[in-house]
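To start, the structure itself, in structure tokens.
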Amino acid sequence: TVFHLRTITSSEILGQPALEGVHSDGVDHAMTVFLKSQNMSSDSAKTRVHHNDEQTGKPWDAVDPRFVITEVQHRNRLDTLLVFDHERKHSVTPVQTIDDSFSATRDMLIFFTRKPTRQGHVSAEHDSQKPHQSMPAEVRLLD
């Protein structure tokens, strides 16, 4: 699964890339790729990777520093972070503006990978390792 995520901060709203706080996405791998930003301050949109002992849902500004493994920030085009989602949790600080007179934006691509479902799972008929007939795309991972 891949999707584009634009986070916007303006005078009316604080853009929070991960409003849910500390979380995992329920996949095998979560990969984030930075595309671009505008008017985003250099101290915003930092991603923290947490030990699984951190409480899920805890706000980014209330985490226990003992459970923070690292803090990184996407700043340059195609900066990429890969998280082994079932082994680690993550959180992201809000996007802040440099100049409050106009909005800040941050554009990311978010990739989720997971093993296909097993027969009997509710989405098994839609989840296959067979290439799509009209839009094939495949990424092979080494064992």
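The values are calculated or read from the model by the stated rules, or taken from the named source; none is laboratory data. Since the structure is predicted, the reported quantities are computational estimates derived from the model, not experimental observations. Neighbour counts run over all protein chains shown; Cβ positions are idealised from the backbone, glycine included. Only protein heavy atoms, including side chains, enter the accessible area calculation; ligands, DNA and RNA are left aside. Shrake-Rupley method; radii C 1.70, N 1.55, O 1.52, S 1.80 Å.
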The condition of being surrounded by 16 or more Cβ atoms within 10 Å (Cβ to Cβ), under 11 Å from the mean Cα position of the chain (by Cα) and either farther than 23 Å from ALA137 by Cβ or hydrophobic (A, V, I, L, M, F, W, C) (or both) holds, among PHE67, PHE111, PHE3, only for PHE111
THR80: passes all of (1) under 30 Å from GLN129 (Cα atoms); (2) polar (S, T, N, Q); (3) open to solvent by less than 70 Å² (accessible area, probe 1.4 Å) but (3)
Given the conditions (1) without any contact (Cβ under 8 Å) to a residue 24 or more places away in the chain; (2) open to solvent by less than 50 Å² (accessible area, probe 1.4 Å), every one holds for GLN119 apart from (2)
Within the stretch 83-108, of all residues that are among the acidic types (Asp, Glu) and under 12 Å from the mean Cα position of the chain (by Cα), the one surrounded by the fewest Cβ atoms within 10 Å (Cβ to Cβ) is ASP107
Going by the conditions given, is ARG75 over 24 Å from ALA137 (Cβ atoms) and in a loop (DSSP other than H, G, I, E, B)?
yes
>> Residues that are crowded, with 19+ Cβ neighbours inside 10 Å, farther than 25 Å from ARG114 by Cα and in contact (Cβ under 8 Å) with a residue 24 or more places away in the chain: does the stretch 18-36 have at least one?
In response: no
Condition test on SER91, is it closer than 19 Å to SER10 by Cβ and in contact (Cβ under 8 Å) with a residue 40 or more places away in the chain? no
